[in-house]
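The values are calculated or read from the model by the stated rules, or taken from the named source; none is laboratory data. Computed from a predicted structure; not experimentally measured. In this analysis, Cβ positions are derived from the backbone assuming ideal geometry, glycine residues included, and neighbour counts consider all displayed protein chains.
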Amino acid sequence: MDQIFFALLNGTIYGLLLFMVSAGLTLIFGMMGVLNFAHASFYMLGAYFAYTLQPLTGFWPAIVLSPLLVAAIGVVIERYALRRVHHFGHAHELLVTFGIAVVIAELVKLFYGNYPVEYRVPTELSFAAFTLSGIDYPFYRLFMGAVAVAMFAAIYLLLTRTRVGIVVRSAIYRPAMAEALGHNVPLVFMGVFGIGAALAGLAGAVAGAFYTTNPNMALDLAVLVFVVVVVGGLGSLGGAMLASLLIGITNSLAVGVNFSLGDIFGIVGLGEWAGSVGGVMTMRLSSFAATLPFFLMLLGFWCVRRA
Amino acid sequence: MKEAILSVQGLHAHYGKSHILHGVSFDVGEGEVVSLLGRNGSGRSTTMKAIMGLVSPSGGRVMLRGHNVAGQRTFTICRSGLAYVPEEREIFFNLTVDENLQMGTQQGAEGATRWTVEEMFAYFPRLKERRNTRAGSLSGGEQQMLTICRSLLGNPLVMLIDEPTEGLAPKIVAVVGEVITDINRQGVSVVLVEQKLTIALKVSNRVCVMGHGQIVFQGTPDALAQTPSVTEEWLAV
């Protein structure tokens with residue numbers, strides 16, 4: 001029971017982190033119709049910037065400054081790379097973001113080396129929040145969850161309660177009309193791109209200390225985040241939230257399950273047959289955990305086709 | 001004609017390689033309603049889009065109070081005093097009626113007639129009843145009211161209104177006609193594209209007939225009535 005509780009909590013918090021990264025991606029997709037391949041690179045840059053700033057400024061200023069730096073990079077990329085290729089169509093935009101992702105990964109390897117860096121949770125934050133069945137639950141995990149929830153509340157209020165939010169939602173839906181009503185839509189897009197990048201950067205700055213900070217972290221996450229955005233219904237913020245939690249929790253639960261397809265056949269007395277077949281029948285669910293999100297995505301596509 | 005507030009001079013526009021507008025020229029006097037008439041595909045809607053910068057003009061000038069706005073960004077053109085009510089209405093379905101109206105609210109050009117949300121609700125009480133519902137659930141007529149109000153709240157000098165009565169019930173068509181006359185009486189100049197000739201002739205001070213991306217006739221509604229050859233060649237279906 002306690003194990004399931006831990007798995008659910010871990011999954012929820014991981015899901016919330018996924019959401020911080022995918023929120024920006026789904027907003028940018030809604031606006032420009034382009035999946036920004038470099039988005040997970042913003043997550044990685046957030047972690048590396050925080051790691052670099054931490055010795056100079058301390059942990060707290062580092063996780064505030066790092067997202068701001070990432071936002072500035074995001075704005076420059078939107079203004080000088082994406083906007084220039086916009087009129088060539090989506091394929092060009094996708095290629096540009098892909099190229100930027102590669103360049104960022106190589107630059108990180110060049111400056112920090114092709115191995116994980118020593119970015120750690122600060123000692124004043126590494127203590128147990130509570131203990132259940134003799135297992136300490138790290139406070140830092142809860143902290144990550146809290147940051148994500150606070151971010152979600154902030155974006156939600158910004159989008160629904162302010163004039164800027166109304167302009168953003170309109171511009172996503174009908175950019176030409178929003179502009180015809182006197183709103184500087186290119187500026188709005190640049191701002192949203194910057195905020196999306198900052199969110200990913202914040203997620204990286206916070207999570208990089210807990211998980212690992214290495215040059216592959218962008219690629220590892222990019223795939224998951226794409227799945228989140230697709231499963232959540234491209235461009236939908238609420239959908240991305242649900243999909244993030246769904247994927248976070250299924251992943252986390254599946255890892256702890258020592259169950260195979262053969263066991264199900266075992267219930268109806270076909271266990272021996274299943275065992276003799278082997279292969280898929282005897283594979284444990286836990287070893288499928290990493291591929292589960294993709295099953296979800298395929299299921300999503302299948303449902304859309306049927307609908 | 002009074003002094004021109006909007007003067008379109010030799011406007012050209014292309015969609016890709018096809019040449020749509022071949023030097024469109026007409027003036028809108030201060031406080032006038034000018035209708036652009038013509039068959040489908042004669043370039044009326046494109047003229048409006050080119051004036052607003054939604055289609056970038058490939059030649060010519062759009063003088064608003066003596067300043068050329070052709071080639072500027074659409075939002076700048078709006079802020080200098082032009083408002084656009086598109087044929088497709090372009091309501092933000094994902095926002096409420098109130099939020100749609102907020103989207104339209106702008107400082108507006110200097111010296112333009114000022115409009116408030118309360119005045120809009122006085123025109124169309126139905127919108128007030130539905131102010132907190134999603135605009136996507138409005139009927140076609142209500143959407144048309146909303147799109148006119150939204151653009152009016154930008155306090156424009158000139159309003160470009162494209163096919164406002166298309167697909168509306170006769171009763172609402174009459175209301176839309178009255179509203180156009182009324183906002184014009186309060187000082188907003190109007191360029192109107194309208195398929196229903198009776199309405200266009202009733203509300204307009206002058207009409208411009210378009211054909212093949214050019215203006216082929218300009219004059220008062222009376223002058224048009226006295227030149228049946230124009231009606232026959234360019235308007236009759």
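Given the structure, is B:S80 surrounded by fewer than 22 Cβ atoms within 10 Å (Cβ to Cβ), within 11 Å of chain A (Cβ to nearest Cβ) and in contact with a strand residue (DSSP E or B) (Cβ under 8 Å, 6 or more places away or on another chain)? Walk me through how you get there before you give the answer.
Working: surrounded by fewer than 22 Cβ atoms within 10 Å (Cβ to Cβ): yes; within 11 Å of chain A (Cβ to nearest Cβ): yes; in contact with a strand residue (DSSP E or B) (Cβ under 8 Å, 6 or more places away or on another chain): yes.
So B:S80 passes the test.
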Which condition number in (1) closer than 25 Å to A:L68 by Cβ; (2) buried (at least 19 other Cβ atoms within 10 Å of the Cβ) is the one that A:G165 fails? (2)
Residue list for the stretch A:38-64, restricted to those being in a helix (DSSP H, G or I) and surrounded by fewer than 17 Cβ atoms within 10 Å (Cβ to Cβ): A:P55, A:L56, A:T57, A:W60, A:P61, A:V64
Somewhere in the stretch B:126-146, is a residue within 10 Å of chain A (Cβ to nearest Cβ) and within 18 Å of the chain's Cα centre (by Cα)? no
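How do the helices (runs of 4 or more DSSP H) wholly within the stretch B:125-198 filter down when requiring 2 or more residues that are under 25 Å from B:S42 (Cβ atoms) and touching a residue at least 24 places away in the same chain (Cβ under 8 Å): which remain? Explain how you work it out, then say what you get.
Values: elements: B:125-129, B:140-152, B:170-185.
Here the list reads B:140-152, B:170-185.
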The residue from A:A254, A:A240, A:A209 that alone is surrounded by fewer than 23 Cβ atoms within 10 Å (Cβ to Cβ) and more than 13 Å from chain B (Cβ to nearest Cβ) is A:A254
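Of the residues that make up the stretch A:150-168, is at least one under 30 Å from A:D2 (Cα atoms) and free of Cβ contacts under 8 Å to residues at least 24 places away in the same chain?
Initial filter on the stretch A:150-168 (under 30 Å from A:D2 (Cα atoms)): A:150-153.
Filter again for free of Cβ contacts under 8 Å to residues at least 24 places away in the same chain, leaving A:150, A:153.
The answer is yes, given that some residue of the stretch A:150-168 is under 30 Å from A:D2 (Cα atoms) and free of Cβ contacts under 8 Å to residues at least 24 places away in the same chain.
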Among the numbered conditions (1) farther than 25 Å from B:L235 by Cβ; (2) of a type in the set (K, R); (3) buried (at least 21 other Cβ atoms within 10 Å of the Cβ), tell me where B:R61 comes up short. (3)
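For the condition surrounded by 13 or more Cβ atoms within 10 Å (Cβ to Cβ) and touching a Cys at 6+ places or on another chain (Cβ under 7 Å), what is the one hit in A:A180, A:A171? It would help to see each step written out before you state the result.
Details: A:A171 fails: touching a Cys at 6+ places or on another chain (Cβ under 7 Å).
None of the other options fit; the residue is A:A180.
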What number of residues within the stretch B:164-182 satisfy the criterion of being touching a Ser or Thr at 6+ places or on another chain (Cβ under 7 Å) and loosely packed, with under 15 Cβ neighbours inside 10 Å? 0
Please work out which one of (1) loosely packed, with under 15 Cβ neighbours inside 10 Å; (2) in contact (Cβ under 8 Å) with a residue 40 or more places away in the chain is the condition A:D136 fails and give its number. (2)
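Quick test for you: out of B:T47, B:T96, pick the one residue that is within 10 Å of another protein chain (Cβ to nearest Cβ) and touching a strand residue (DSSP E or B) at 6+ places or on another chain (Cβ under 7 Å). Before you say what the answer is, go through the steps one by one.
Details: B:T47 fails: within 10 Å of another protein chain (Cβ to nearest Cβ).
Answer to the selection: B:T96.
Tell me, which helices (runs of 4 or more DSSP H) wholly within the stretch A:101-203 include 1 or more residues that are away from every other protein chain (no Cβ under 14 Å)?
On the way: elements: A:139-161, A:163-173, A:175-180.
Helices (runs of 4 or more DSSP H) meeting the threshold: A:139-161.
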Is there a residue being within 29 Å of A:N114 (Cα to Cα) and not small (G, A, S) anywhere in the stretch A:258-265? no
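Can you name the residue in the stretch B:15-46 that is without any contact (Cβ under 8 Å) to a residue 60 or more places away in the chain and exposed (fewer than 15 other Cβ atoms within 10 Å of the Cβ) and is also nearest to B:Q214 (Cα to Cα) among such residues? Working first, answer last.
Initial filter on the stretch B:15-46 (without any contact (Cβ under 8 Å) to a residue 60 or more places away in the chain): B:15-18, B:27, B:40-41.
Then keep just the ones that are exposed (fewer than 15 other Cβ atoms within 10 Å of the Cβ); that gives B:15-18, B:40-41.
On the way: B:Y15: 16, B:G16: 19, B:K17: 18, B:S18: 15, B:N40: 13, B:G41: 11 Å.
Taking the candidates together, the pick is B:G41.
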If A:A7 meets every condition in (1) within 26 Å of A:L107 (Cα to Cα); (2) of a type outside the set (V, I, T); (3) touching a residue at least 12 places away in the same chain (Cβ under 8 Å) apart from one, which number is that one? (1)
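Among the candidates B:R150, B:R134, B:R185, which residue alone is in contact with a Leu (Cβ under 8 Å, 6 or more places away or on another chain) and either buried (at least 20 other Cβ atoms within 10 Å of the Cβ) or more than 30 Å from A:R161 (Cβ to Cβ) (or both)? Let's see the steps before the verdict.
Working: B:R134 fails: either buried (at least 20 other Cβ atoms within 10 Å of the Cβ) or more than 30 Å from A:R161 (Cβ to Cβ) (or both); B:R185 fails: in contact with a Leu (Cβ under 8 Å, 6 or more places away or on another chain).
None of the other options fit; the residue is B:R150.
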Tell me which residues, restricted to the stretch B:99-116, are outside any loop (DSSP other than H, G, I, E, B) and facing another protein chain (nearest Cβ under 9 Å). B:E99, B:N100, B:Q102, B:M103, B:G104
Going through (1) modelled with pLDDT of 95 or more; (2) of a type outside the set (D, E); (3) under 13 Å from B:I215 (Cβ atoms) one by one, B:K49 fails only at (3)
